[in-house]
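Step one of this worksheet: look at the structure below.
The values are calculated or read from the model by the stated rules, or taken from the named source; none is laboratory data. Just so we're clear, the structure is a prediction, and the values are computed from it rather than from any experiment. No Cβ is skipped: glycine too gets one built from the backbone with ideal geometry, and neighbour counts run over all protein chains shown. Each accessible area value is taken on the protein alone, full model and side chains, heavy atoms only, with ligands, DNA and RNA left out. Shrake-Rupley method; radii C 1.70, N 1.55, O 1.52, S 1.80 Å.
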Amino acid sequence: MNRIMHGVPAAGGIAIGPAFVYRPEMPEIPEGPVDDIPAEQARLLAAIAAVDRRLGELEAITAGQAGDTAAEIFEVHRMFLADPAISAKAADMIATEAATAEAAVVAVTGALADEFASIGDDYFAQRAIDVRDIGQQLVRELMGLGAGGLSEVTVPSVVIADDLTPSDTMSLPEGTALAFCTKEGSATSHAAILARSMGIPAIVGLTNLDVSTGTTVGVDGDAGLLYIDPDPEQLAALRKKRGQQVRLLTVAAERASEPAVTTDGHRQEVVANIGSVTDAERAERSGAEGVGLLRTEFLFLDRGTLPTEDEQYEAYRSILEIFGDRPVVVRTLDVGGDKQVPGIDLENELNPFLGRRGIRLTLAEPDLFQTQLRALLRAGVHGNLKIMFPMVATLAEVEAARAAVDTAAATLDGRGAERTASFEVGIMIEVPSAALIAGALAPRLDFFSIGTNDLTQYTLAVDRTNPTVATIGDPLHPAVLRLIQMVVEAAHTHGKWVGMCGEMAGDPLAVPVLLGLGIDEWSMNPPSISIVKDRIRSWSTDAARKVADRCLRASSTAEVRDILT
Ligand code: PEP
Ligand code: MG
């Protein structure tokens, strides 16, 4: 029966095909008691090793198909698997209660997942899903049931499920997933991130989702609409939209490495947001003219200790060498908020997004900061380095961060080490206070880069990890646009350049307003580069300025979106 269901758009695009309804079932668990405790513990360890091997394979496959950021999900799973909070506790339970390894795994992972889920925060809700996923995989391994997941999908299908774990998602044979539709999840859930990296549409939050396997469905990932058994008219409309999108994408992809020049001849610099050396190679192939944001957190993940100066130097050097003369903006460590890294003990804070985050943390940990700055200045010899500080709110932080760079340079000179003397220093504009005093900050800096993800969160008081307020946190709100305007004007008055590296820079809809506001550099995830360049090529700066003026005068996000669509 023909029906249309509304959900939350999580990854754009159109797909039409048969539904594959996925309902994983947990096998019945043998309860024990077991007689041979050491043998049962050995079985547990063997299962952990086998699942770790499989996750390592999935990590490599995901890195190849969807990039490093997507593959990090499996890195996190492997960290949990290695964590004594799971392995040692389960082994203890086998010893003290003569429990089977299966029962111990279910109890320990279930308790940990419940603990995460009870925190009531989107980040920890995702970790609860991760831990349950690991528990299921261990039980299947212990019972000799293999990986399970979606490996039985044989024809290209729209995968429908209550929720999808990363291992479910990546167990799909390559090319068989046309789209993902789930009852649960938010636009930041793993399935959504993987869908975006794989370039397939996804809709989440489809409550009352009720479809049978084999039914034809249509997915409009841009509008968040699922058409069940679409009628011929709906099918024709979906096919037409898909055809237009494919044509646009193909034309854009063919010209990805050409510059983005407006119709009146103004060239825009389009660069990439990256998070690793592999990302740098992919970005280069996607037409990036440099890097506008290197998130250095990757160097600090998946390890128990902090990376040394030499380890950091090697990684930064590799990335700078890939881009040669082209700019590479490296952001100093940005942890705190929802981001944790092993080796740095963050205190429990009631409001971590308003706590010791970004530059506040690195200024409070001079050893950590100096090590990173020395590695950067040494690596800067091999490319076009720009150092950028995150989460700056005050002029005092700018002064302190600049002084820290001078100290690192003096230490290297004292050592007689080779280092760059020609590099730029800038900050991210993510806090409204920094936007409002941009005129006072600009003389002390070479550039600004606007981080709209955080700027939106702090301007509209919307926790970026909380799905229940996600629709309020829209960077196209006129308040955010006015802050961007102030920053651009302040920078240009002082002869400095201004970029944008928040997600907004990669949104094709935002192109005219950003062009009209006058940003100089656009930094985005590599898959968006070709399409944004193409949109820039279709505008004149004059026409874009008129659009920006109208948007600035609007009184709501809805009004701005109306102007832009
Ligand atoms: C931002 O806040 O816009 C940004 C690019 O930084 P991150 O998303 O890493 O916080
Ligand atoms: Mg940020």
- Query: Hey, among the residues in segment 458-467 that are open to solvent by 30 Å² or more (accessible area, probe 1.4 Å) and within 17 Å of the chain's Cα centre (by Cα), which one's nearest to Leu515 (Cα to Cα)?
  - Reply: Arg464
- Test each condition in (1) open to solvent by 50 Å² or more (accessible area, probe 1.4 Å); (2) more than 28 Å from the chain's Cα centre (by Cα) for Leu412 and report the one that comes out false. (1)
- Query: Can you tell me which of Val270, Val251 is open to solvent by less than 30 Å² (accessible area, probe 1.4 Å) and within 30 Å of Asp520 (Cβ to Cβ)?
  - Reply: Val270
- Note on the structure: All-but-one check, Tyr458 against (1) away from ligand 2 (no atom under 13 Å from the Cβ); (2) farther than 27 Å from Gly380 by Cβ, failing number (1)
- With respect to the numbered conditions (1) within 16 Å of ligand 1 (Cβ to nearest atom); (2) assigned to a helix (DSSP H, G or I); (3) open to solvent by less than 10 Å² (accessible area, probe 1.4 Å), which one is the sole condition not fulfilled by Arg360? (3)
- Note on the structure: Counting only strands (runs of 3 or more DSSP E) wholly inside segment 210-300, the ones holding at least 1 residues that are of a type in the set (Lys, Arg) and away from ligand 2 (no atom under 16 Å from the Cβ) are 267-274
- Cβ pairs under 6 Å, 6+ apart, first in segment 390-408 and on the phi < 0 side of the Ramachandran plot, second away from ligand 2 (no atom under 15 Å from the Cβ) and open to solvent by 50 Å² or more (accessible area, probe 1.4 Å): Leu395/Ala440; Val398/Arg444; Ala400/Leu363
- Message: Whether any residue in segment 468-484 is surrounded by fewer than 22 Cβ atoms within 10 Å (Cβ to Cβ), touching a Phe, Trp or Tyr at 6+ places or on another chain (Cβ under 9 Å) and not hydroxyl-bearing (Ser, Thr, Tyr) is what I want to check.
- Response: no
- Taking Ala548 as the residue in question, decide whether it is assigned to a helix (DSSP H, G or I) and within 21 Å of Asp222 (Cα to Cα). no
- Query: Looking only at residues in segment 446-467 that are touching a Phe, Trp or Tyr at 6+ places or on another chain (Cβ under 9 Å) and assigned to a loop (DSSP other than H, G, I, E, B), which one is farthest from Gly205 (Cα to Cα)?
  - Reply: Asp446
- Message: I'm checking my understanding of the structure. Among residues of segment 443-457 that are at pLDDT 95 or above, buried (at least 22 other Cβ atoms within 10 Å of the Cβ) and not β-branched (Val, Ile, Thr), which one is farthest from ligand 1 (Cβ to nearest atom)?
- Response: Phe448
